[in-house]
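All remarks here apply to the structure that follows.
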Amino acid sequence: MNLYESIFTRKSTRDFTATPLSESKIDELRGFIENVPPLLPDAAISYKIVGPEGIKGMGVPKAPHYILISAPPQVLRNTCVGFLFQHAELFLYAEGYATRWLGMLKSKEQDKNFVIGMAFGEPAKPEHRTIEEFDRKPLTEIAQGNDPRIEAARLAPSGLNGQPWYFIAENESIHVYQKQKIGGVLGLAYKMMDLDVGIALCHLAVASEELGRSFHFSITESAPKTPGGFLYLGTVK
């Protein structure tokens, strides 16, 4: 299974075995992460891989490994983080491992630039699903125009399953927007919608490579008018 195929069957889990990955597989993961082109050329993101002794947080599932992701304040910080580490999530899933983004996870060591974490390891049982099992909005609710790559973005995971993205496809470009807020009591406190859009952008990038299309993300002044309730983030060309 490659990264693109993973998009259409992946499923996060809370159920991991205690078996750690081999050092060679961890090194392979590090090498993969280091070779993912960043969403923005100057994105400054760091991470470390730790065991259970290196994390804290309420309701965090038990796993043999956790990725702790940090980044200093910068343009589209969280979006760049989501973009980079959703690549890692797809890589792990394609290799047969289980993953879960963890907004409540914290590092035991103080880190003012900490953004988010991810658990990973061997799944307690195989986790996958069919397209019909994804609880996602139809394309008509999240996009204008036609571009086959948007289907991959539609299937991206998001906090509270808020799906806070909107796409306008025109002239071989896809303009990307972020919802300003999502509904519900929990939605009022949720602050990671920009990271979720980064995850969707990862799926767009993976779909672009699979379909032989270019992927270049930038902020332009010529984007269509922002839809009501959304913020313009950038354009994929």
Once F230, F85 are ranked on solvent-accessible area with the largest value leading and a 1.4 Å probe, the list reads F230, F85
Set of aspartates and glutamates near K11 by C-alpha distance (under 15 Å), chain-local residues within fewer than 8 positions excluded
E89, E95, E122, E127, E132, E133, D135
Would you compute, from DSSP H runs of 4+ residues alone, the mean residue ellipticity of the chain at 222 nm, taking -39500 (n - 2.57) per run and dividing by the full residue count, rounded to the nearest 500?
-8000 deg cm²/dmol
Taking every C-alpha to C-alpha distance in region 5-111 and binning by 5 Å from 0, the per-bin percentages run 2, 11, 22, 24, 23, 14, 5, 1
Any idea of T9's accessible area? Nearest 10 Å², probe 1.4 Å.
40 Å²
Using the Cα centre of the chain as the reference point, and only Cβ charges (+1 on K/R, -1 on D/E), how large is the resulting charge dipole? Debye, rounded to the nearest 20.
780 debye
Counting only other residues whose beta carbon sits under 11 Å from that of G145, what net charge do I get with K and R as +1, D and E as -1?
-3
Given K137/K237; K56/K112; K25/K108; K191/K237, the pairs whose alpha carbons are separated by over 21 Å:
K137/K237; K25/K108; K191/K237
Any idea how far the Cα center of region 136-210 sits from the one of region 72-134, in Å?
17 Å
Percent accessible area from carbon and sulfur atoms, the chain, protein chains only, probe 1.4 Å:
52 percent
With all protein chains present, calculate the accessible area of R30 using a 1.4 Å probe and round the result to the nearest 10 Å².
80 Å²
Based on the inverse mean of 1/r over its pairs of different Cα atoms, what is the Kirkwood hydrodynamic radius of region 52-201, in Å?
16.6 Å
Principal-axis tilt of helix 193-210 within the chain, Cα atoms, nearest 10 degrees
80 degrees
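The values are calculated or read from the model by the stated rules, or taken from the named source; none is laboratory data. Just so we're clear, the structure is a prediction, and the values are computed from it rather than from any experiment. Methodologically, a virtual Cβ is constructed for each residue, glycine included, from the backbone with ideal geometry; neighbour enumeration extends over all protein chains shown. SASA here: full protein model, heavy atoms, side chains in, ligands and nucleic acids out. Shrake-Rupley method; radii C 1.70, N 1.55, O 1.52, S 1.80 Å.
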